[in-house]
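Accompanying notes for the structure given below.
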Amino acid sequence: MKRFFSTICLLLALLSAQAQEKVAMLKYGNMDSWVTRTIHESAVIGGDDKTLYEIGPNKHIDGNNPYRNQGGSPWGTSNVMAKVSGIVKTNNTVYREKRGNGYCARLETHIEKVKVLGLINIKVLAAGSLFLGDMTEPITGTKDGEKYQNWGVPFNVRPKALRYDYRFKSSGAPNRIKLTGFGSGSEVQGKDKAITIFLLQKRTEDAKGNITAKRVGTMVVTYDKSTNGWVDGATYEILYGDIRKNPKYNKETMALRSCDYARNSKGVNVLVKETGWAAANETPTHMLLQFTSSHGGAYIGSPGNTLWIDNVKLVY
């Protein structure tokens, strides 16, 4: 009888916790609504019409015009139109894929090639990336590609956790490669992983437009083993304040960053420098979230790594 009452109390406690939990889907976070873009690549590289996918209202855009987020969508992707030496080229590493009665996002790592005899010969490793923010088009070169990304959206609340559905397929390669578009590339030690990065920052901009930030909240998770189908409702706790003594802290993936760009009040993309850890009870000004099919930075990864994402939510 005592064990029976203990079980009942445990069940009641669990039900009470679930009743108090509030879950909010990020805008367009169910991945069921997409913008498709038809880009006409230059004749010297074949003149193909290519389709790029963006998360936003259901609509189609035809033409080589710089993309801006549609319908209030907070989502940017690594799908871009580039114009290098007058040549229009696309890269598509995030795809709309059917899932049940709706859709999900499929993120792939691959090698993008463009060759024009006597003018240009580029091979670039491109990972699929889905993030909160936007890209500045057209991309005009492979150098400093991060500068084209406006990372993060205004946000001033404190969720408990991030929740989403995912599926992962590893390339199986023991090491990664680095291809920047220059030279023959190189090998990078270590197996490739898909990665989810969720950060809350308190940002400050000075009179010159420089942006600094204190880290308010942190959640980073990596995947290196293929899943057996979908993992639904994966939930990850957000850690607040200075987490360096927390057992979950991983210096390699969770340390303060100075490698991300954001658009300042002057309309210029500038480096965001994290200068320290905020107090554990601090309120953020911005939320940063990125899903990527490869880790380790730009132009590094293993072709074939694939990450599927769906139903992105915040838990309060």
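The values are calculated or read from the model by the stated rules, or taken from the named source; none is laboratory data. What you see is a predicted model; the values in this text were computed from it and never measured. Using ideal geometry, Cβ is built from the backbone for each residue, glycine included, and neighbour counts are taken over all protein chains shown. Remember, those area values only see protein heavy atoms, side chains included, never the ligands or the DNA or RNA. Shrake-Rupley method; radii C 1.70, N 1.55, O 1.52, S 1.80 Å.
Things worth noting here:
- Test: residue in the range 293-310 that is more than 30 Å from Cys104 (Cβ to Cβ) and open to solvent by less than 40 Å² (accessible area, probe 1.4 Å): no
- When Val315 is tested against (1) without any contact (Cβ under 8 Å) to a residue 40 or more places away in the chain; (2) touching a Pro at 6+ places or on another chain (Cβ under 9 Å), just one condition goes unmet, and that condition is (1).
- Only one of Lys225, Lys202 that is out of contact with any helix residue (DSSP H, G or I) (no Cβ under 6 Å at 6 or more places or on another chain), outside any loop (DSSP other than H, G, I, E, B), open to solvent by 50 Å² or more (accessible area, probe 1.4 Å) and among the basic types (Lys, Arg): Lys202
- Within the range 44-83, the residues that satisfy the criterion of being buried (at least 19 other Cβ atoms within 10 Å of the Cβ) and among the β-branched types (Val, Ile, Thr) are Ile55, Thr77, Val80.
- Residue within the range 64-72 that is touching an Asp or Glu at 6+ places or on another chain (Cβ under 6 Å), part of a loop (DSSP other than H, G, I, E, B) and among the polar types (S, T, N, Q) present: yes
- Meets criteria (among the basic types (Lys, Arg), outside any strand (DSSP E or B) and either surrounded by fewer than 19 Cβ atoms within 10 Å (Cβ to Cβ) or touching a residue at least 24 places away in the same chain (Cβ under 8 Å) (or both)) for Lys123: no
- Among the conditions (1) among the acidic types (Asp, Glu); (2) exposed (fewer than 13 other Cβ atoms within 10 Å of the Cβ); (3) not in a strand (DSSP E or B), the only one that Glu282 does not satisfy is (2).
- Being open to solvent by 40 Å² or more (accessible area, probe 1.4 Å) and either modelled with pLDDT of 85 or more or among the aromatic types (Phe, Trp, Tyr) (or both) holds for only one residue in Lys143, Lys160, Lys113, and it is Lys160.
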